[in-house]
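See below for the structure under consideration.
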Amino acid sequence: MRKLFIAGNWKMNTDAKSASVLALGLAKALDTSIYKAVDVAVCPPFVYLQGVATALAGSKISLGAQNVYFEDNGAFTGETSCAMLKDLCCEYVILGHSERRHVIGETDGLINKKMHKTLASGLKPIFAVGELLAQREANETDKVVKTQIEKGLAGITAEQMKDITIAYEPVWAIGTGKTATSGQAQAVHAFIRQRVASLDGQVAAKLCILYGGSVKANNATELFAMADIDGGLIGGASLVADEFLAICRAGQV
Ligand code: PEP
């Protein structure tokens, strides 16, 4: 039985005060038995990790970063290392998010280097994959997701896979208000689990696969009820405490 996992991706939003207020509010609210059956993480902007870490101290919420670089230190202006994230109590790192792939231009090769460094450092990747609208319309979803998984996870062992969460995020559903139907999402999640099962069946059975793409309180229950959907990577709705908390309650019934 896989435990429900909800991760909030705050993207480039909030400021120092609102980030801490949001984190404190979530920490307090989630500290009740209603949320026992769900694991929760939030991924604030780098500059607010410290403040949010302080706000979350002693709570059940884990801290994640939205990105990381694969080198240890040195002349890499603007980058952040795994050790720096660990220093700030991060447990998770989002890798391969569509905004980093398609807006910033990250390649599968770069994501793979980050994947290796993240795992070697003891941080847990939340590895995002997903197709563009044109690729879905051309019936290429499985092919795109398969390639992203094979290249992003190249050289990763079955043992290391235990620390990875995969997030299926169709690009056309991110921040657009369009959600994949529960059937569309389930089909891709099942496909991802089969791909991982071809490497190791036991790891695949335990693998947490999140859905992301305009998840809201009013569609979360149906999505999380699907056999291979183990929770969500939540963007816009993670910035509103009541909405995020309602998503955390969804799927627990
Ligand atoms: C995301 O940022 O990963 C995401 C899914 O965003 P949204 O929920 O806003 O679509």
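Taken together, LYS36, LYS60 contain a single residue that is surrounded by fewer than 18 Cβ atoms within 10 Å (Cβ to Cβ), touching a strand residue (DSSP E or B) at 6+ places or on another chain (Cβ under 7 Å) and farther than 17 Å from ASP163 by Cα, which is LYS60.
Candidates are the residues of region 3-23 that are of a type in the set (Lys, Arg) and more than 18 Å from ALA220 (Cβ to Cβ); the one that is surrounded by the fewest Cβ atoms within 10 Å (Cβ to Cβ) is LYS17. Residues in region 5-58 that are over 17 Å from GLU91 (Cα atoms) and of a type in the set (A, V, I, L, M): MET12, ALA16, ALA19, VAL21, LEU22, LEU24, LEU26, ALA29, LEU30, ILE34, ALA37. Among the numbered conditions (1) at pLDDT 95 or above; (2) within 21 Å of LEU4 (Cα to Cα), the only one that CYS89 does not meet is (2). Among the residues of region 114-162, write down those that are in contact (Cβ under 8 Å) with a residue 24 or more places away in the chain, of a type outside the set (Lys, Arg), part of a loop (DSSP other than H, G, I, E, B) and more than 16 Å from the ligand (Cβ to nearest atom). Selection gives SER121, GLY122, LEU123, LEU153, ALA154, GLY155, ILE156.
Inclusion of VAL103 among residues that are within 16 Å of the ligand (Cβ to nearest atom), more than 15 Å from ILE166 (Cβ to Cβ) and of a type in the set (A, V, I, L, M) is warranted. Checking each residue in region 72-103 for being touching a helix residue (DSSP H, G or I) at 6+ places or on another chain (Cβ under 8 Å) and more than 19 Å from GLY213 (Cα to Cα) picks out ASP72, ASN73, THR80, CYS82, LEU85, LEU88, CYS89, CYS90.
Does LEU26 qualify as being touching a Phe, Trp or Tyr at 6+ places or on another chain (Cβ under 8 Å), touching a residue at least 12 places away in the same chain (Cβ under 8 Å), closer than 25 Å to LEU223 by Cβ and part of a helix (DSSP H, G or I)? It is true that LEU26 is touching a Phe, Trp or Tyr at 6+ places or on another chain (Cβ under 8 Å), touching a residue at least 12 places away in the same chain (Cβ under 8 Å), closer than 25 Å to LEU223 by Cβ and part of a helix (DSSP H, G or I). Being modelled with pLDDT under 95 and within 24 Å of GLN66 (Cα to Cα) is a property that does not hold for ALA237. Just one of the numbered conditions (1) on the phi < 0 side of the Ramachandran plot; (2) within 16 Å of the ligand (Cβ to nearest atom); (3) small (Gly, Ala, Ser); (4) at pLDDT below 95 is not true of GLY175: (1).
Starting from residues that are acidic (Asp, Glu) and within 16 Å of the ligand (Cβ to nearest atom), keep the ones in region 182-237 and report whichever is farthest from LEU153 (Cα to Cα). Only one residue fits best here, namely GLU222.
The values are calculated or read from the model by the stated rules, or taken from the named source; none is laboratory data. Computed from a predicted structure; not experimentally measured. Don't worry about glycine lacking a Cβ; one is built from the backbone with ideal geometry, like all the others, and counts go over all protein chains shown.
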